[in-house]
Structure formats: C-alpha cells, structure tokens
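Undergrad: What follows is a single structure, and I will ask about it in a moment.
Each reported figure results from applying straightforward, stated rules to the coordinates on display, with no laboratory input. No experiment lies behind these values; they were computed from the predicted model shown. Don't worry about glycine lacking a Cβ; one is built from the backbone with ideal geometry, like all the others, and counts go over all protein chains shown.
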Amino acid sequence: MDYVTKIQDALDRELDAKHDALPSGFKKTRFSENCRAYVKDYKDLQKYDAEEVASVLFKGAVLGLDFLAKECHVITEGSALRFQTDYKGEMTLVKKYSVRPILDIYAKNVREGDDFREEISGGKPLIHFNPRAFNNSKITGSFAVALFTDGGMVYETMPAEEIESIREHYGKNPGSDTWEKSQGEMYKRTVLRRLCKTIEIDFDAEQSLAYEAGSSFEFDREQQPKKRSPFNPPEVEESEVLSNDGITETQ
C-alpha cells in the first residue's frame, strides 16, 4: 500500500471514530479525497507515520477547513508535524462561527508609497487606504477589518516591527521558510488573528483546541501584546472604513 493510501485510510478511520466532533454538514468523502490530493503533492510527508499525518489532517476536519483549498496546512518541522490555519481559513472560521454575524472581514498590507491614515472625523474613526498600483515595496504594516451585519465594526492595525517582534518572541517556528516564502500572507494572517481575539467565537472544546493548535504563535489572550492607536478603539458601532475593493465607504 502506498503512503498516500495509508494516510487516507488512517484519516478515514479517525473521521469515523470521532464523527461527533465534526461540524454539522461535514462532507467526509469530499474532505478525504481533497486530503488525498493534498498529501499526494506533499512529498515530504512520506517520511512521517501515517497515523501522525492523519491526526494533523483531522484538525482541519474539526474546523471545517479544506487543505486543498489552502485554508489550512500541514507544517513539517524536522521530526515533528504541525497544523496551521491560513489567512483564508481564518476568515472562513470567523465568518462561520462569530456569535455576532459578520458581513465581511479582510486584512490588507500597507507598503512604502501607499497612503494609509487613521483619523477621527465628526467623532467617528476613519480609515483611509489608497494603495499604489502594483506596489511591491517593503511592507510597513498591516490592518484588518470586520464589518458586522448590524452596522458595527472592529479593526486592528499593526506596524511591521510589531509583527516581526511577535514572530521572533512568540513564533512556534520563527525561522520557518513559510515567513520568507509568504511574508505578505503571514503578515495579514497575524493582524487578522489579533483582530479575531476581539470577536466572540462559538467554538466547542474540540474546535477550540484545533484553532489554538493552528496558531503560529505560542501566546494566549493574556500574553498577547495589546498596542492600540488612540484612533483604534476595540469596537466602533458606527464608523467609516475602507471597503474590500479599496474605496472609502460609510458604514
């Protein structure tokens, strides 16, 4: 039996044994086949035990995330394996499990030459973001915004120096080539996860464990740095904020 089939068989056994931990509407066959395709293209997994790989894949199932769609990943670190959520997966989870229904959520990187400003206008916080076209300059910071269906919003801003400090001091594997190969996505993921800490999520115990395992950082809510701009309150009921298409709108 080839290693791909061994992993899929081990995964199917775990999915059957722990089916009560899976989210409603979970499609086992689709998830299993997508994991098979994901594993087939991931040659480094051949050196790991099939049961160990299946255990990491199962964490994605618990959260309802798709490895093939790059909503989450299996990270190889020497002799160990680790589950990690992706930027796209973070957005999927918050939209699905937020207690307060979310209309939209996104993160953006700000680069040298982009116009990014926070201000208060008429007593309302306002974000201006006008990115320079096709800008590949150095990232100076990132921000994330969540818009709720009730008209409220929350947002976070983080300078690049703070993201790098978190990576260095709290990263599970700060030297990982994931940061070098996908710096922009990791920056957005970092500020998005910071934002998500302010949003109440309706996870059960198994999902909470999988979500925390998917973090890139070894810190909890108490350890996490809380640096806010005076123009960045934890929650704003009415505000003007940049929409996801890059145009300032009134919410």
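Undergrad: For the pair ASP115 and ASP9, what calculated FRET efficiency results from E = 1/(1 + (r/R0)^6), where r is the Cβ-Cβ distance and R0 = 45 Å, to the nearest 0.05? Display every interim value, and only then the final one.
TA: Values: r = 54 Å, r/R0 = 1.20.
Computed FRET efficiency for ASP9 and ASP115: 0.25.
Undergrad: Using a Förster radius of 45 Å, what is the FRET efficiency between ASP150 and MET1 based on their Cβ-Cβ separation? Nearest 0.05, please.
TA: 0.30
Undergrad: Would you kindly state how much longer the chain becomes between ALA213 and ARG100 on full extension, computed as 0.36 nm times their sequence separation minus their alpha carbon distance, in nm to one decimal? Mind showing how you got there, number by number?
TA: Details: separation 113, 0.36 × 113 = 40.68 nm, distance 2.37 nm.
Separation in residues times 0.36 nm, less the Cα-Cα distance, equals 38.3 nm.
Undergrad: Separate question: Ranked highest first by average number of other Cβ atoms within 10 Å, how do 113-122, 151-160 line up? Write down the numbers at each step before the final one.
TA: Values: 113-122: 12.4, 151-160: 19.8.
Descending packing order for the listed peptides: 151-160, 113-122.
Undergrad: Express in nm, to one decimal, how much length is gained between GLU180 and GLU161 on full extension, taking 0.36 nm for each residue of separation and deducting their alpha carbon distance. Intermediate results must be reported in sequence, preceding the final value.
TA: Details: separation 19, 0.36 × 19 = 6.84 nm, distance 1.56 nm.
Separation in residues times 0.36 nm, less the Cα-Cα distance, equals 5.3 nm.
Undergrad: For TYR42, what charge total do you get from the other residues with a beta carbon under 13 Å from its beta carbon, if Lys and Arg give +1 and Asp and Glu give -1? Show your work: numbers first, answer last.
TA: On the way: positive: ARG36, LYS40, LYS43, LYS47, LYS70; negative: ASP41, ASP44.
Value of the local net charge: +3.
Undergrad: Follow-up. Tell me which lysines have Cα within less than 16 Å of LYS40's Cα, excluding those fewer than 8 residues away on the same chain?
TA: Leaving aside lysines fewer than 8 places away in the same chain, those within reach of LYS40 are LYS6, LYS70.
Undergrad: While we're here: Compute the FRET efficiency between ASN130 and GLN46 as 1/(1 + (r/R0)^6), taking r as their Cβ-Cβ distance and R0 = 51 Å, and round to the nearest 0.05. If you can, show how the numbers build up before the last one.
TA: Values: r = 47 Å, r/R0 = 0.93.
Given R0 = 51 Å and the Cβ-Cβ separation, E is 0.60.
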